[in-house]
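The values are calculated or read from the model by the stated rules, or taken from the named source; none is laboratory data. Quantities reported herein were computed from a predicted structural model and do not represent experimental measurements. Here Cβ is always computed from backbone atoms with ideal geometry, including for glycine, and neighbour counts include all displayed protein chains.
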Amino acid sequence: MLAALPEMKWSTADNARPAAETSALMLFVALNFMATAWLDEQGRYVAVAEGTYVDLGEATGLSRALISAGLQRLVTLGLISPEGSHQKRRYKINWPGEHRFFKLPCHAIVAGNVIKPFAHFTMRSKHELHAMKLYLYFAAVRSNHAYFSMASYETISERTGISERDIRKAISLLIGTGLLVGINRDHSHVSTVNEPNKYYLTGYQALVQQKSGTPDGGTAATPASTVAVAIT
């Protein structure tokens, strides 16, 4: 997933449909939320999602045309492999052999089968693509023992392909749509170097097993369950 982010651009070159890039990342999140996972006989992690276009449309709010284009983009990027017939399509989510993964909060942003923040997306702006790239990047770089993600604008730009001047707008969109709950700009008084901001995904409380008290930098909220997503 991380390797694919810089490849995803808002461009109409060669008759490309730029909204398909945004759709692909929205569908990637939805498919991971819908997937059933297990270890096969060789100990390899397998994750497969079953979902019709109706199911995916309900989850994401996308049109059939954008679902089709987004799924094809995920196939081209090597992130999923379709299985089965068109009537009963299954999508295998491709995992690396070393089983590296990150967590996404699930129940905190889902009501029924609907991923609530996606209802705010218009599919007409490059900033929505940037927001989805940033959301997955923040999730992927979070330490297993931290409730937050830390990254400088320079690093974000290098790893995602988002220009530094567009990062602030992407962060604002994440907060406005409800994918990001907040930012902590307080820096350590112990460290002699300036630390990057701390970014908290909605549902961050469920990402780490809380022992006691309230996590650093946030307020108490109802915990959410999580889903594992492959790092590729």
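Tabulated values for the structure
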item: Entirely in region 139-232, the strands (runs of 3 or more DSSP E) that have 2 or more residues that are at pLDDT 90 or above; result: 180-184, 198-201
item: Condition met for A151 (buried (at least 20 other Cβ atoms within 10 Å of the Cβ), over 14 Å from the mean Cα position of the chain (by Cα) and not charged (D, E, K, R)); result: yes
item: Residues (without any contact (Cβ under 8 Å) to a residue 12 or more places away in the chain and over 22 Å from S149 (Cβ atoms)) located in region 92-111; result: A111
item: K116, sole failed condition from (1) under 21 Å from A19 (Cβ atoms); (2) surrounded by 22 or more Cβ atoms within 10 Å (Cβ to Cβ); result: (2)
item: Any hit, region 122-138, residues being at pLDDT below 95 and among the hydrophobic types (A, V, I, L, M, F, W, C); result: no
item: Residue that is modelled with the lowest pLDDT, among those in region 94-117 that are in contact with a helix residue (DSSP H, G or I) (Cβ under 6 Å, 6 or more places away or on another chain), outside any loop (DSSP other than H, G, I, E, B) and within 26 Å of V46 (Cβ to Cβ); result: F102
item: Checking L27 against (1) surrounded by 22 or more Cβ atoms within 10 Å (Cβ to Cβ); (2) of a type outside the set (S, T, Y); (3) farther than 20 Å from P105 by Cβ, the condition it does not meet; result: (3)
item: Matching residues, region 146-189, being without any contact (Cβ under 8 Å) to a residue 60 or more places away in the chain and aromatic (F, W, Y); result: Y153
item: Residue within region 43-57 that is closer than 18 Å to C106 by Cβ and of a type in the set (S, T, Y) present; result: yes
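Residue-wise test of (1) among the basic types (K, R); (2) under 15 Å from L77 (Cα atoms); (3) out of contact with any strand residue (DSSP E or B) (no Cβ under 8 Å at 6 or more places or on another chain); (4) without any contact (Cβ under 8 Å) to a residue 24 or more places away in the chain.
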residue: P6; (1), (2), (3), (4): no, yes, yes, no
residue: T36; (1), (2), (3), (4): no, no, no, yes
residue: L39; (1), (2), (3), (4): no, no, no, yes
residue: R44; (1), (2), (3), (4): yes, no, yes, no
residue: D55; (1), (2), (3), (4): no, no, yes, no
